[in-house]
Amino acid sequence: MASTDLSAEIEQRVLELCGEFKQGITYQIIQNDMPQLKLDIIVQIINKLLATSRVDMLKKDNDILVFKLRDPGTIHRIKGAEPEEQVVYKIIEECTTSGIWAREIRAKSNLHLNTVEKVLRKLESKKLIKSFNSVMAPKKKSYLLYELEPDRSLTGGAWYSDQQFDSEFVDILNQQCCRFLEDKLSTARQVAGGPMAVCNTSYVSSKDVLKHITAIGITKVRLTIEDIETILETLVYDGKVERSIGGAGASVGGEDGGVVKLYRIVSSLLPTPNIITIPCGVCPLIKECYHVGNVTAVKCRYMKEWLNLEW
């Protein structure tokens, strides 16, 4: 065996190589870096690092042994687990709330796919990790730590149920938000002070809208201010609501400081002319529409709905 000082120097260099090669190092990489070392010395050093839990040993598809650094922070959570389980756990832990697919785990760990799937089942049974399906790839399982929740961009947040967009839920929220803003406008009209006073009093903060939606109990889904502002912004784009920005001193929003988004229902002074709502103005087939053929105003179901006719 090498001297104590030389042994410590070799151990340190092996650990540095593990840090440089994130995918892990092999005996060949160590020999290329330190060609003066004999294989039996390298084996002794590696065994010592394995015994002291400073590296993990994996086996690639071609039966080549690979050594990777072990994160000391995960040891207490997976105490007594096999090396493959510890490596897979660490990879999943690094992905935090983004999750990771089994094939990505295979690529990062250099483990065979069957081994990865077996390890994932073990970790799930121990409730160390859990799986979920993202809205972008509903047929593929992603994995993350058991105590974490997947990022809202992957699950779709409150607007998705079982990886399906819940349009009915969104419509109900749209209606309830509009109704609340309409009630606020009706109350504001009873305030003396003229049109500007009515306008200013009819504004409501997104926080107040959230409180109202939560209070009426139309959903068991826990909504956030961001969720409500998403709904309110769609109403702004539809021309039903207008938005304003209040400062820290805005009393309407009831906020303690910072920028406050305020919303109010839009009440049109004049009725919208019917010619503006004609479907032909936004029809992508307008250039193909004639008095004869398959695309005609006579056969157009949108024209039928606009004219409220029964053909």
(request) Would you list which lysines come within 24 Å of Lys207, measuring only between C-alpha atoms, while excluding same-chain residues fewer than 8 positions from it? (result) Lys184, Lys220, Lys240, Lys261
(request) At 1.4 Å probe size, with every protein chain present, just tell me what the per residue accessible area of the stretch 4-70 comes to in Å². (result) 57
(message) Report the number of Lys pairs in the stretch 5-69 whose alpha-carbons are under 15 Å apart, with separation of 8 or more residues or on distinct chains.
(response) 5
(message) How much length would be gained if the chain were fully extended between Lys122 and Thr214, taking 0.36 nm per residue of separation minus their Cα-Cα distance, in nm to one decimal?
(response) 29.2 nm
(message) If the only charges are +1 at each Lys and Arg Cβ and -1 at each Asp and Glu Cβ, what is the size of the charge dipole of the chain around the Cα centre, to the nearest 20 debye?
(response) 540
(request) Note down the nm distance, to one decimal, between modelled labels 7 Å out along Cα→Cβ at Ala197 and at Leu39. (result) 9.5
(request) Mind grabbing the base-10 log of I(q)/I(0) for the chain at q = 0.10, 0.11, 0.13 Å⁻¹? Debye formula, identical points on the C-alpha positions, no solvent, two decimal places. (result) -0.81, -0.87, -1.00
(message) Could you tell me which residue out of Thr296, Phe21, Tyr160 lies farthest along the dipole of the chain toward its positive end? Charges go on the beta carbon: Lys and Arg +1, Asp and Glu -1, centred on the Cα centre.
(response) Thr296
(request) Any lysines with Cα under 23 Å of the Lys304 Cα? List them, leaving off those in the same chain fewer than 8 positions away. (result) Lys287
(message) Let me check I've understood the local charge: for Val266, count other residues with C-beta under 9 angstrom from its C-beta, Lys and Arg +1, Asp and Glu -1. What total comes out?
(response) +1
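With the full set of protein chains in place, find how many percent of the accessible area of the chain is carbon and sulfur; take the probe as 1.4 Å. Spell out each step's value before the answer.
Numbers: 10410 of 19400 Å².
Ligands and nucleic acids excluded, carbon and sulfur reach 54 percent.
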(request) State whether the stretch 167-265 is rounded, prolate or oblate according to the following rule on the C-alpha gyration tensor (a ≥ b ≥ c being the square roots of its eigenvalues): a/c under 1.5 gives rounded; otherwise a/b larger than b/c gives prolate, and the remaining case gives oblate. (result) prolate
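Hey, can you rank 39-45, 21-27, 204-210 by average C-beta count inside 10 Å, highest first? Can you show the working numbers first?
Values: 39-45: 14.1, 21-27: 16.4, 204-210: 21.7.
Highest-to-lowest ranking by the protection proxy: 204-210, 21-27, 39-45.
The values are calculated or read from the model by the stated rules, or taken from the named source; none is laboratory data. On a predicted model such as this, the values are computed, not experimentally measured, just so you know. Cβ atoms come from the backbone with ideal geometry, glycine included; neighbour counts cover every protein chain shown. Ligands, DNA and RNA are stripped out before the accessible areas are found, and what is left, the full protein with its side chains, is counted by its heavy atoms. Shrake-Rupley method; radii C 1.70, N 1.55, O 1.52, S 1.80 Å.
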